[in-house]
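Working notes for the structure below.
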Amino acid sequence: MDVSAVKSYERRNPLQTVINSTLIGAAVGYGAKYAIPLQPREKKAINYRAIVNASRKDVNQKRVDSFKLLKTRTAAQDEFVKLVDTRDQFKYPTLTNLAERLGGNETPLGKKVLAIINNEENKGLDLDGLTKKLGQESADVKLFTQLAGNDRESFKNLTLDNIIEKLGGEDTPIAKKVTAIFKINDNKALDFDSVANSLGKNSPEVAELKRVARFNNCFVTENIDSIVKKLGGKNTNEGKEFLQIIKDVDKEASKASRAFLKGIHKHLKDIRYTAPLLITGAAAGFAAGFLHNYFSHKTEA
């Protein structure tokens, strides 16, 4: 009986075997539409940075809204609310905002910037104007003016060696900076104002101003550190709480962006062309069925 059953199974309609294999192959081909990972050309349409930024913004706002519903807020919660509510100041900062980033009245550079922008003569000053003014009042320019003298006319007749001697010798920091300026200009004769302007433009004060002006995200590490410091430091309860809020928000934002990306990936797979995969799968199934019949026939023979 066992042998008869096996022989009966193998004698089934060859056409049905081919049809079944073809249908199975087509089903596998359709499944491959979702099983095959997204290719680089498909991923080009995804703006990963925008997704991450949107997720973070949404999570931040939800956390702020939840804090605003509280009757009383901790110092850390209050600082987080202020941080998010004033985030546009990091994208489009005023000169006062920049001065605050530099430490305001708590640091020499912050005080200097505040003095410049609060001067009535500098009303309407923009960032380029502030940079120029700050360069003119920088420590390098003041030292150069003091050592090189104010006789701008006689300066034209000095050789580089004469200038270096006036600046205290080639090993002094200010002399090295002036030498570099002359080298950049192919050692051509430069007047006093040209050297002073170059020193101001490349001064540490101007470099620091330009650095903080480039910040356009309120969550940059330096800003977070300054808030923690304001709360008493990372070892205080307030500092720890604030850092934990940042950590929790980061975790939630990452989770939200992953979920959003998962949806986008599925959509991209949904809109893939199905026909080529179906045809390929069906063809492979047809071939498999045909070969099965062929080899079964050969075996029986």
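Read-outs throughout are calculated quantities, based only on the coordinates presented, and are distinct from any laboratory measurement. Since the structure is predicted, the reported quantities are computational estimates derived from the model, not experimental observations. Cβ: placed from backbone, ideal geometry, glycine included. Neighbour counts: every protein chain shown.
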Checklist entry - Among 145, 159, which comes first, second and so on when ranked by fewest other beta-carbon atoms within 10 Å? => result 159, 145
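Among 257, 154, which comes first, then next, by fewest other beta-carbon atoms within 10 Å?
Going from least to most buried by this count: 154, 257.
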Item to check | Added length on full extension, which subtracts the Cα-Cα distance from 0.36 nm per residue, residue 142 to residue 106 | outcome: 10.7 nm
Item to check | P(r) histogram, all alpha-carbon pairs of the range 94-214 included - 10 Å bins from 0, percent | outcome: 13, 41, 27, 18, 1
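Starting from the range 131-211, pick out the trypsin sites (Lys or Arg not before Pro) whose DSSP state is loop and whose Cβ has at most 12 other Cβ atoms within 10 Å.
For trypsin sites (Lys or Arg not before Pro) across the range 131-211 that sit outside H, G, I, E and B with at most 12 neighbouring Cβ atoms in 10 Å, the list reads 156, 188.
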Item to check | Built amide H within the under 5 Å cut-off of residue 103, gap 5+ | outcome: none
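Pick out, in residue order, every one of the GluC sites (Glu not before Pro) in the range 83-186 that is DSSP loop and has at most 14 other C-beta atoms within 10 Å; say none if there are none.
Details: sites: 100, 106, 120, 121, 137, 153, 165, 170; in loops: 137, 170.
Hits after loop and neighbour filter: 170.
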Checklist entry - Taking a spot 7 Å from the Cα of residue 234 along the direction of its beta carbon, which residues of the range 66-80 have an amide N less than 17 Å from it? => result none
